[in-house]
């Protein structure tokens, strides 16, 4: 029964997403180069939350709405960045269209960002101080309380 429901949900999701062409979804995500990414973090005068995801990752899909909520709550004090990993441009763009994540996203084509900051699995979330120092890495699906705790720590609360 559960397997049948999962197959049906996956079919509906695939059909809905595949009705949009790659061009309809806008430009490709910019490629994240390590040196430019580190410079961007170092130049930030606010804490930064970097969420690593992939369109095919079911847990990533579970936490995507949480990130939109966190941006609404903390967006004045904290910057959010998404990083698509082990994905392709059409899939990543469809994921963003589906979840309407309103913050900048980059494409970690070769996995260099993930390798630099540690870890292989996703979802993964990095928490950086203003100036780009890595403070904490969270492996797995975030829940609202855990995300709020790490953001509050960044903000010195």
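Here, each number is a calculation from the coordinates, and none is a lab measurement. Since this is a predicted model, take the numbers as computed values, not measurements. Here Cβ is always computed from backbone atoms with ideal geometry, including for glycine, and neighbour counts include all displayed protein chains.
Do you know which residues across the range 68-88 are closer than 17 Å to residue 113 by Cα and in contact with a strand residue (DSSP E or B) (Cβ under 7 Å, 6 or more places away or on another chain)?
80, 81, 82, 83, 84, 85, listed by residue number.
Per-residue answers, yes or no, for (1) out of contact with any helix residue (DSSP H, G or I) (no Cβ under 7 Å at 6 or more places or on another chain); (2) over 13 Å from residue 51 (Cα atoms):
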| site | (1), (2) |
| --- | --- |
| 115 | yes, yes |
| 123 | no, no |
| 127 | no, no |
| 131 | no, yes |
| 139 | yes, no |
| 142 | no, no |
| 146 | yes, yes |
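Scanning the range 53-67 for residues that are in contact (Cβ under 8 Å) with a residue 60 or more places away in the chain and out of contact with any strand residue (DSSP E or B) (no Cβ under 8 Å at 6 or more places or on another chain) yields 57, 59, 62, 66. When residues in the range 124-154 are screened for being under 17 Å from the mean Cα position of the chain (by Cα), touching a residue at least 60 places away in the same chain (Cβ under 8 Å) and under 23 Å from residue 36 (Cβ atoms), 5 of them pass. Restricting the first member to the range 26-52 and to residues that are at positive phi, and the second to residues that are surrounded by 21 or more Cβ atoms within 10 Å (Cβ to Cβ), the beta-carbon pairs closer than 7 Å and six or more apart or on different chains are 26/93.
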